[in-house]
Amino acid sequence: MKKLFLMLMAVAALTIVSCDKGNKGGESSQAAQEEFKGQVFEGANFTMQYPEWMKTTFTSDNIMNAADTVDRDMKMDATFSDFPCKPEDFKKYAENMGVNPMYKDYKFEEPVIDGDIMTFKGVKDEEAMTIFVDYLGEKAGVAGSFKYPVAKAAEVEKVIMPVIKSIKLKK
């Protein structure tokens, strides 16, 4: 219970820094979405697709966690917030992650900003973590992470943006 609480607090801290869902990648993102077929998580405020080879490990109205059921050793989490990180604050958000004691051993790369989505990757020993923030509007955003072995990064990283771009705000 204590671990779950700490994890939820860490995710909440990630979403506190404020994060416009316009075009989420244009035509190329549309093509990627058509190629990406997965299972659907439907929460109280957002929906998203994630790979069929993953199993849901925890869900609530605003949180979805899943883990790999094959051999990719990937874990992911996504949390909705009504205090989203706005695109103009993305870089500050990434900087704050770099000084967060929980992630002090990770070496983070520069953030990649694609419209209303920011991703940035950190590596610690043989583990990689890609953190994302998806701004869905003034009072809506989803933040989360993907954790996976560095050795399987090329395979796993192919699904990260399609998963993030599948996130939709429920009306």
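Side notes on the structure shown:
- Candidates are the residues of region 126-150 that are modelled with pLDDT of 95 or more and outside any strand (DSSP E or B); the one that is farthest from ASP71 (Cα to Cα) is GLU126.
- MET129 satisfies every condition listed in (1) surrounded by 21 or more Cβ atoms within 10 Å (Cβ to Cβ); (2) in contact with a Phe, Trp or Tyr (Cβ under 8 Å, 6 or more places away or on another chain); (3) hydrophobic (A, V, I, L, M, F, W, C) except (1).
- Within region 93-125, tally of residues that are open to solvent by 90 Å² or more (accessible area, probe 1.4 Å) and part of a helix (DSSP H, G or I): 4
- Qualifying strands (runs of 3 or more DSSP E) (wholly inside region 22-87; at least 1 residues being touching a Ser or Thr at 6+ places or on another chain (Cβ under 8 Å) and at pLDDT below 90): 38-42
- Identity of the residue in region 48-67, touching a Lys or Arg at 6+ places or on another chain (Cβ under 9 Å) and open to solvent by 30 Å² or more (accessible area, probe 1.4 Å), that ends up nearest to GLY137 (Cα to Cα): GLN49
- GLU155 being open to solvent by 60 Å² or more (accessible area, probe 1.4 Å), touching a strand residue (DSSP E or B) at 6+ places or on another chain (Cβ under 9 Å) and assigned to a helix (DSSP H, G or I): yes
- Only a single criterion out of (1) assigned to a helix (DSSP H, G or I); (2) at pLDDT below 95 is not satisfied by ILE164, namely (2).
- Taking (1) out of contact with any helix residue (DSSP H, G or I) (no Cβ under 9 Å at 6 or more places or on another chain); (2) open to solvent by 90 Å² or more (accessible area, probe 1.4 Å); (3) at pLDDT 50 or above; (4) within 30 Å of LYS104 (Cβ to Cβ) in turn, LYS2 satisfies each apart from (3).
The values are calculated or read from the model by the stated rules, or taken from the named source; none is laboratory data. Source: prediction; values computed, not measured. Cβ sites come from the backbone with ideal geometry, for glycine too, and all protein chains shown count toward neighbours. Just the protein is used for accessible areas: all its heavy atoms, side chains included, with ligands, DNA and RNA removed. Shrake-Rupley method; radii C 1.70, N 1.55, O 1.52, S 1.80 Å.
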